[in-house]
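In what follows, a single structure is set out as structure tokens and then discussed.
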Amino acid sequence: MKKNRIAALLIAAMTAVSMTACGNTASDSTSETTAEISAAEETPAEGSSAEDISAEDSSAETSEETSEAAEDGVKVVNDREGGTVEIKGEINTIVSGAPSVTEILVGLGLGDKIIAADAYSADVEGIDPSICTLDFYNLDIEAIAAMNPDAVIINGISMTGADDPYSALKDAGVQVLYVPSSESVQGVMDDIRFIAECTGTDEKADELLMGMSDAIAEVVELSQNITEKKKVYFEVSAAPSMYTCGSDTFADDILDLIGAENIYSSESGWINNTDESVIAADPDVIITSVKYDGYDYNEIYSRDGWENISAIKNHQVYQVEPNPVSRPSQNVVEGIRIMAQIIYPDVYSDLGSADLESDIVEAGSEETAEAEAETELDAAA
């Protein structure tokens, strides 16, 4: 099942690239319609029905409408929710509502088009550090409207509650493009394609997606050498309010791709987990992406009841840079590499990656072990 899913992921990515390279940016639904029309054309004329003729007429009308739309500077793009969105004119000025969106825009060569972004995008390389930063949790509609951007691109984390917080912005005539929170690596790749189609950067997207496909293919090939699957606990928020990833998250998909078992894969979404559930699952490896001033990830070793967890006993606790494993952009491939080399260092030792010394820190170091031994001796004395 896993091999089939991975194969589908790679085929989908490469198909998307090849289709665009051939000048065909049609959606799956458009392809299905084309297939139906081709089948109707192959049917003998005497067997044709009124419905077949209507389908052909509808197709012709759609083509004419598309041509007229192109002449008017309006492009219809399939969005990420099964509908369509009209792109009016060229997009030359952009407000980004999430760091993942900002990273994708930079990857597509649009860093210089970003005139404002959310505060968390400040660390994204490739944008003007002096641009305006915005609080997308307390949206200032008037401030954004005053910038007169060609588009505001947001993602799922900005869309909370039943009401659309951007309706007033849309009413003000601002074009808002929505990228939902991706639940898989394939979803991230689909996000990239969608933003590229909206911004007219399909060729650059081809490069990004092919690079991602190549990186994933390398991981998949090496994963065949795994003989014993390891159980992993991935912590994104530390005690006392711990959070981790369940199924239907791209972080869980990362673990699955590299051949690891997420101890919370039986639950869905982002989970507020407990000490008891981690202890019961007994993970072989613990990885935390929690990193802020004043936080010492070695506190994981001193949590009540955790001393008999395999990862604790074997000093398999690691801290990683949060961005590659938490932001759904093209940089997720770096997150895949980092996690792979942490969990299966022997299997993925030859995997191309960034400077792991800066991306991975082992919490179960000899220094930590010595400190624990000294504490035990002091307690015994």
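Inspection of region 120-142 identifies no residue that is more than 23 Å from V325 (Cα to Cα), in the same structural domain as D164 (by TED's automatic domain parsing) and in contact with a Cys (Cβ under 9 Å, 6 or more places away or on another chain).
Would you mind finding the one in I300, I342, I336 that is surrounded by 19 or more Cβ atoms within 10 Å (Cβ to Cβ), under 25 Å from T227 (Cβ atoms) and in contact with a strand residue (DSSP E or B) (Cβ under 9 Å, 6 or more places away or on another chain)? Of the residues listed, the single one that is surrounded by 19 or more Cβ atoms within 10 Å (Cβ to Cβ), under 25 Å from T227 (Cβ atoms) and in contact with a strand residue (DSSP E or B) (Cβ under 9 Å, 6 or more places away or on another chain) is I342. Scan region 235-247 and give yes if some residue there is farther than 19 Å from E183 by Cα and touching a residue at least 60 places away in the same chain (Cβ under 8 Å), otherwise no. Yes, some residue in region 235-247 is farther than 19 Å from E183 by Cα and touching a residue at least 60 places away in the same chain (Cβ under 8 Å).
Within region 170-196, the residues that satisfy the criterion of being under 28 Å from I141 (Cα atoms), surrounded by fewer than 21 Cβ atoms within 10 Å (Cβ to Cβ) and either in contact (Cβ under 8 Å) with a residue 60 or more places away in the chain or not β-branched (V, I, T) (or both) are K170, D171, A172, G173, Q175, Y178, P180, S181. Can V176 be described as hydrophobic (A, V, I, L, M, F, W, C), within 21 Å of P283 (Cβ to Cβ) and in contact with a Leu (Cβ under 8 Å, 6 or more places away or on another chain)? For V176, the condition - hydrophobic (A, V, I, L, M, F, W, C), within 21 Å of P283 (Cβ to Cβ) and in contact with a Leu (Cβ under 8 Å, 6 or more places away or on another chain) - is not met.
Criterion applied to L222, L255 was being at pLDDT 90 or above, surrounded by 20 or more Cβ atoms within 10 Å (Cβ to Cβ) and not small (G, A, S), and the one residue passing it is L255. In the condition set (1) at pLDDT below 95; (2) more than 20 Å from the chain's Cα centre (by Cα); (3) of a type in the set (K, R), R327 is compliant with all but (2). Checked against (1) outside the structural domain of Y344 (by TED's automatic domain parsing); (2) crowded, with 17+ Cβ neighbours inside 10 Å; (3) among the aliphatic types (A, V, I, L, M), A217 passes all but condition (2). Checked against (1) under 26 Å from G335 (Cα atoms); (2) outside any loop (DSSP other than H, G, I, E, B); (3) modelled with pLDDT under 95, P129 meets all criteria but (2). Every residue in region 113-131 that is surrounded by 13 or more Cβ atoms within 10 Å (Cβ to Cβ) and either at negative phi or touching a residue at least 40 places away in the same chain (Cβ under 8 Å) (or both), please. Selection gives K113, I114, I115, A116, A117, D118, Y120, S121, A122, V124, I127, I131.
Residues checked against (1) over 26 Å from L105 (Cβ atoms); (2) assigned to a helix (DSSP H, G or I); (3) of a type in the set (D, E):
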{"site": "G211", "(1), (2), (3)": "no, yes, no"}
{"site": "A217", "(1), (2), (3)": "no, yes, no"}
{"site": "N225", "(1), (2), (3)": "yes, no, no"}
{"site": "E228", "(1), (2), (3)": "yes, no, yes"}
{"site": "A239", "(1), (2), (3)": "yes, no, no"}
{"site": "T244", "(1), (2), (3)": "yes, no, no"}
{"site": "D253", "(1), (2), (3)": "no, yes, yes"}
{"site": "Y264", "(1), (2), (3)": "yes, no, no"}
{"site": "I286", "(1), (2), (3)": "yes, no, no"}
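The values are calculated or read from the model by the stated rules, or taken from the named source; none is laboratory data. Quick caveat: nothing in here was measured; it's all calculated off a predicted structure. As a convention, Cβ positions derive from the backbone with ideal geometry for all residues, glycine included, and neighbour counts pool all protein chains shown.
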